Amino acid sequence: MITNIGYGSLIITFVLSLYGIVAAIYGERKNLYRFVESARVAMLLTFPMLTLVALSIITLLVTQHYEVQYVYNTTSQSMPIYLKITALWGGQSGSLVFWAWLMSAFASAVSIRKWSRDRDLLPWVIVVSLVTLAFFLSMIIFFENPFQRFWASPGSREIVAMFQPAGTQLLIPNDGRGLNPLLRHPGMVIHPPMLYLGFVSFVIPFAFGIAALITGRKDDRWIRLTRRWTLVAWMFLSIGLILGSRWAYDVLGWGGYWAWDPVENAALMPWLTGTAFLHSVMIQEKRGLFKRWNMILVILTYSLVIFGTFLTRSGVLSSVHAFAQSAIGPMFFIFIGITFIISLALLIKRWGDLKSEGVMHSLLSRESLFLLNNLLFIGILVVVFWGTVFPLISELLTGQKVTVAAPFYQRSTAPLFAGLLLLMGIAPLSAWGHSTWKTLGKAMWKPGLLSLIVLLGMIISGVHSIGALLGFWLASFAFFITIHEFWRGTKARHKRSGENYLTAFFRLAARNRRRYGGYLIHLSVVLMAIGIIGIEGYQTETQAKLKAGESIQLSGYTVTFKSLAEFDTNDGRNVARAVLDVSKNGKNLGQLYPRRDYFYDSQQPMTIPGVRSTIEDDLYIVLVNWEQISSGSATFKVFHNPLINWLWIGGILLIFGSFVAAWPDQERSLQLERKLASQNSSVVPVSSSD
Amino acid sequence: MENETTPKKGLSRTTIIVAFAILLGFLALLGWGLRNAQAGPVQVGQKVPTFDLTTFDGEVVSTSDLQGKVIVVNFWASWCKPCEQEAADLERAWQIYKETDDVYFFGVAYVDIEPKSRAYIEKFNITYPNGPDLRTTISTMFRVRGVPETYIIDRQGKLAAFKIGPYSSLGEIQAMIDPIILQ
Amino acid sequence: MGFKKLSLNLVIKFTNILFVPFMLFALIGVSQVYAQSGNPPTADQINAIAKQLYCPVCENTPLDVCPTQACAQWRDVIRDKLVAGWNEEQIKEYFVNQYGDRVLAEPPKRGLNWLVYVLPPIFFLGGLVLVYKNIKNARKLESTITSAPIVEDDPFLKEFEDVLRKMEENGKNG
């Protein structure tokens, strides 16, 4: 019953989206606005319909309908209810439904906004959104139907089908196979939805960009309309990436947070272009420059989103993250091909229209610094893209499999990231249009001096590595400049309005969210950079086999092996858990419990490190191996990860900063503020421009 | 600021062609990779290229010397538990077929280390030629996904059958090989 | 021929310049020979080599932290070879011969593999040229146009800037 409701709604949504596409195009061609309006309603309706589909799957998952293949494959009786619900995105077909559902949510949200000023864009936004949606729906319906059930034919053969084949009976297994244990982690529960949200919401800026290309509108209306969408998409993508790193750190037990795995790279690539886009749109808004470049970036970002999804799900590249082999590969390939070719063709067609309206005036102007920022982001993208794709090329052309692993990426991207840190310091101080070394120097010398003091302090305290010194110096430079910017703004507001500094600070940030949200994000990047330099440059590790009572030392810590116990839990795991005493310089710091869980149902082990985390460093202990009770010894790998916590602290600040930047302005309070400002303006001595 | 009378400055023909060529080249690459990924193991009926196997005893055996014979290629590893299930049966099958001079067995140790491989061969008394998969060339050729996997090449040098996972009995092995001998 | 070689060298130099500070990191782990000391190699010595190798059964995970049985065996091989007096390079070469180039963290620098190392710097260089051209055009124009700073379109920011400027001027005078 539920399966039929779910499947029926899927079909209806698919038909709705096809209708929407046709109606929008017809209405646009024939200039019949009511058809476009009808298409808009169709797009609006996809959301409730797909909500019904998602709810059907969730109902099946929660009520343990193991006769449904998807439920059987992703859940088992021993799983807690929240994992049963989130199993919606635990497998291929469910996650496609989830993706489509999110996508329809965004499409609906777009369709409710006021379109009066942008009627010409509407039909094409509808077409692009609905084509994408229809594509995902067709994959679900024709290749990855989550509502397929098991049927037993008289010869006791097992058939998987949507509808009852003749002469068969429903086959209801007692229990399911359960979710991959690696995915049973709170971080993993919210990591995929965040990534999907990020991916999906980039469809909207892309749809507007394409609509602008098709209609030939030359203004930057599409950019102003999608600015906040882009920011939201970027925020979700960032959260997804951060959560993914945290998950890897907590669960994979190899002492790191980012492996440069193809699937991670696939998610990083649109983030890189998205970040570049967020910066370069400002140039177009303020100065009318780089229209073409922005169009390229938005197309590239969306292309990388679907390209990444294709890589992850088609089995073209092997990776620890990869979904099982599936039939959607060729479909996806065709979709990618069509999207890329049409986008490129449109871009070429409108190339002449997208001429810059102004020119750059100076090397130090903000726009040219932003241009450098874009160059660096694209440089990183090229490294990541090429490193990800090259093994495929090598295998195809020479038959030789090769690995492009972390060292390549670290070495090639580190200088580029360093350059970005430097620009992050300079660019906020330079003015649009024109800056000189003199003006820049004037704005920069105080924070610059502070950062040099930090550098000096580090050299005195014994930091020798040039890379680390450079990195920390750049980080502190960007940090002080950003803080200084906050300070300048607060001081000015304080002078003007007489508010105390704290109020002035909050009001300042609240009234210029985009700017100060952006600065908060800059600060968070600085913090993350500190964490990354700490772990990349100063991580130490040691491994040893210990008998009970023996200990190993690492970076001032002493780790003593006390005992190890192996036991079964009632949720189907075999757990080996070690108890270790940790002390530093003779001071007892308590115990750590690294363990290894073995999941009987999926026959998969999971290594969970014991971590002692402080602002300064993490002590991260992995249980590598152990012998039977007789000899009572176990092998441990101990990592000392300096400063890693700043990566997570920065991550949280980044999320907060993007919230600030993306939060909708309240029109009324803004107006009030303006009024207030005009009343108070007499207080401010009007200065003539110099 | 937009001036209607300015002639549109489009892209030169060369740029357009280059842009499309790059895009299509990239798509072709993806398509090719996808086809390979989807193809799975070597298809039945496909011609299998000849290969050399350097055995643990240092001999080099080549499938090119065995044209007209049925060749059974078994991929295994000492770290692979399921492989142990079929090891004894494979050896028994070899004992049966070795007299006929129609069927030859090759054992290929996949991503394994030599001492362990030798110990494994000793443990199961395996007498047919076995050797490491140097530079993983043989397993790449067959597009092996894991172990155990067994491929049977017919007298014409084409792949006749394959088995992913372990054989459960001697009978199963014979049932697979016998019809191929008769072809 | 000669020219080809020269251009290749230039590319190498270029990558070097770009990556100098970060090459320094890599140089710290220079190989040592352990066996002469007579002691069995420690787990850390094994891991130092294992870190640079990638096993085909767990993609993209370095050997020192890979949890599978096959990888544990590989680490044993490294230990055996160290005991036998092999050095790091010999052991890596052994693994390459046994299991192919994919055990290395990066493709060996030969043949088609050069593309991995050469293409990103070329791209970056190309980008740099584009940016330079853009800015050069701008400079040419600059000499003809006297440009004032673009006025902030945000009234509040503009106001702040004005206030700050005023404050600074007062500070100077007073």
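The values are calculated or read from the model by the stated rules, or taken from the named source; none is laboratory data. Only a predicted model underlies this, so the values are computations on that prediction, with no experimental measurement involved. A quick note on method: Cβ atoms are made from the backbone with ideal geometry, for glycine too, and the neighbour counts reach across all protein chains shown. Ligands, DNA and RNA are stripped out before the accessible areas are found, and what is left, the full protein with its side chains, is counted by its heavy atoms. Shrake-Rupley method; radii C 1.70, N 1.55, O 1.52, S 1.80 Å.
Side notes on the structure shown:
- Whichever residue in the stretch B:131-152 is open to solvent by less than 10 Å² (accessible area, probe 1.4 Å) and in a strand (DSSP E or B) and, among such residues, is modelled with the lowest pLDDT: B:Glu149
- Qualifying residue in the stretch A:254-265 (condition: outside any helix (DSSP H, G or I), among the aromatic types (Phe, Trp, Tyr), more than 27 Å from A:Leu423 (Cα to Cα) and not assigned by TED's automatic domain parsing to the domain that holds A:Ile85): yes
- Just one of the listed residues (A:Trp626, A:Trp646) is open to solvent by 10 Å² or more (accessible area, probe 1.4 Å), farther than 21 Å from A:Leu546 by Cα and either at pLDDT 80 or above or within 14 Å of chain C (Cβ to nearest Cβ) (or both), and it is A:Trp646.
- Exclusive hit being in contact (Cβ under 8 Å) with a residue 24 or more places away in the chain, open to solvent by 10 Å² or more (accessible area, probe 1.4 Å) and under 23 Å from the mean Cα position of the chain (by Cα), set A:Leu347, A:Leu364, A:Leu317: A:Leu317
- Residue among A:Tyr620, A:Tyr598 that is part of a strand (DSSP E or B), open to solvent by less than 10 Å² (accessible area, probe 1.4 Å) and within 14 Å of chain C (Cβ to nearest Cβ): A:Tyr620
- Qualifying residue in the stretch A:185-206 (condition: touching a residue at least 24 places away in the same chain (Cβ under 8 Å) and not in a helix (DSSP H, G or I)): yes
- Filtered by the rule that a residue be away from chain B (no Cβ under 12 Å), of a type in the set (S, T, N, Q) and open to solvent by 30 Å² or more (accessible area, probe 1.4 Å), the stretch C:88-128 gives a lone residue, C:Gln90.
- Exactly one residue among A:Gln64, A:Gln69, A:Gln77 is in contact with a strand residue (DSSP E or B) (Cβ under 6 Å, 6 or more places away or on another chain) and open to solvent by 40 Å² or more (accessible area, probe 1.4 Å), and that residue is A:Gln69.
- C:Val83 meets all of the listed conditions (1) over 23 Å from A:Ile393 (Cβ atoms); (2) surrounded by fewer than 17 Cβ atoms within 10 Å (Cβ to Cβ); (3) within 10 Å of chain A (Cβ to nearest Cβ) but one, namely (3).
- Flag set for A:Phe106, criterion: open to solvent by less than 60 Å² (accessible area, probe 1.4 Å) and of a type in the set (Phe, Trp, Tyr).
- Condition broken by C:Cys66, with the remaining ones in (1) closer than 18 Å to B:Ser139 by Cβ; (2) within 12 Å of chain A (Cβ to nearest Cβ); (3) open to solvent by less than 50 Å² (accessible area, probe 1.4 Å) satisfied: (1)
- Qualifying residue in the stretch A:77-100 (condition: polar (S, T, N, Q) and part of a loop (DSSP other than H, G, I, E, B)): yes
- C:Thr61 being among the polar types (S, T, N, Q), at pLDDT below 90 and under 18 Å from A:Pro407 (Cα atoms): yes
- So B:Val72, is it open to solvent by less than 50 Å² (accessible area, probe 1.4 Å), assigned to a strand (DSSP E or B), under 30 Å from C:Arg79 (Cα atoms) and at pLDDT 90 or above: no
- When each of A:Thr398, A:Thr439 is tested for being at pLDDT below 90 and either away from chain B (no Cβ under 14 Å) or in contact with a strand residue (DSSP E or B) (Cβ under 9 Å, 6 or more places away or on another chain) (or both), the lone residue that passes is A:Thr439.
A quick yes/no check of all residues on (1) within 29 Å of A:Pro330 (Cβ to Cβ); (2) of a type in the set (Val, Ile, Thr):
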| residue | (1), (2) |
| --- | --- |
| A:Met139 | yes, no |
| A:Trp151 | yes, no |
| A:Ile159 | yes, yes |
| A:Thr168 | no, yes |
| A:Gly176 | no, no |
| A:Leu182 | yes, no |
| A:Ile190 | no, yes |
| A:Leu195 | yes, no |
| A:Val200 | yes, yes |
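- Scanning the stretch A:576-595 for residues that are farther than 19 Å from A:Leu546 by Cβ and either open to solvent by less than 40 Å² (accessible area, probe 1.4 Å) or in contact with a helix residue (DSSP H, G or I) (Cβ under 8 Å, 6 or more places away or on another chain) (or both) turns up nothing.
- Within the span defined as the stretch B:101-110, one or more residues are surrounded by fewer than 21 Cβ atoms within 10 Å (Cβ to Cβ), modelled with pLDDT under 90 and either at negative phi or part of a strand (DSSP E or B) (or both).
- Which numbered condition A:Ser551 fails, given (1) touching a Leu at 6+ places or on another chain (Cβ under 9 Å); (2) more than 27 Å from A:Asp618 (Cβ to Cβ); (3) without any contact (Cβ under 8 Å) to a residue 40 or more places away in the chain; (4) open to solvent by 30 Å² or more (accessible area, probe 1.4 Å): (2)
- Breaking point among (1) in a helix (DSSP H, G or I); (2) open to solvent by less than 20 Å² (accessible area, probe 1.4 Å); (3) at pLDDT below 90, for A:Gln671: (2)
- Any hit, the stretch A:519-535, residues being assigned to a strand (DSSP E or B) and within 14 Å of chain C (Cβ to nearest Cβ): no
- Pair list, Cβ under 9 Å, 6 or more apart: the stretch A:568-597 residue touching a residue at least 24 places away in the same chain (Cβ under 8 Å), other residue part of a loop (DSSP other than H, G, I, E, B) and of a type in the set (A, V, I, L, M): A:Asp571/A:Met79
- The stretch A:248-258 - residue that is open to solvent by 20 Å² or more (accessible area, probe 1.4 Å) and hydrophobic (A, V, I, L, M, F, W, C) and, of those, nearest to the chain's Cα centre (by Cα): A:Trp258
- Scanning the stretch A:464-493 for residues that are more than 11 Å from chain C (Cβ to nearest Cβ), of a type outside the set (Ser, Thr, Tyr), open to solvent by less than 50 Å² (accessible area, probe 1.4 Å) and under 21 Å from A:Gly419 (Cα atoms) yields A:Phe472, A:Leu474, A:Ala475, A:Phe477, A:Ala478, A:Phe480, A:Ile481, A:His484.
- When the stretch A:390-438 is filtered for residues that are over 28 Å from the mean Cα position of the chain (by Cα), assigned to a loop (DSSP other than H, G, I, E, B) and crowded, with 18+ Cβ neighbours inside 10 Å, the ones remaining, listed by number, are A:Gln400, A:Lys401, A:Ser430, A:Ala431, A:Trp432, A:Gly433, A:His434, A:Ser435.
- Scanning the stretch A:604-617 for residues that are out of contact with any strand residue (DSSP E or B) (no Cβ under 6 Å at 6 or more places or on another chain) and either surrounded by 17 or more Cβ atoms within 10 Å (Cβ to Cβ) or not hydroxyl-bearing (Ser, Thr, Tyr) (or both) turns up A:Gln604, A:Ile615, A:Glu616.
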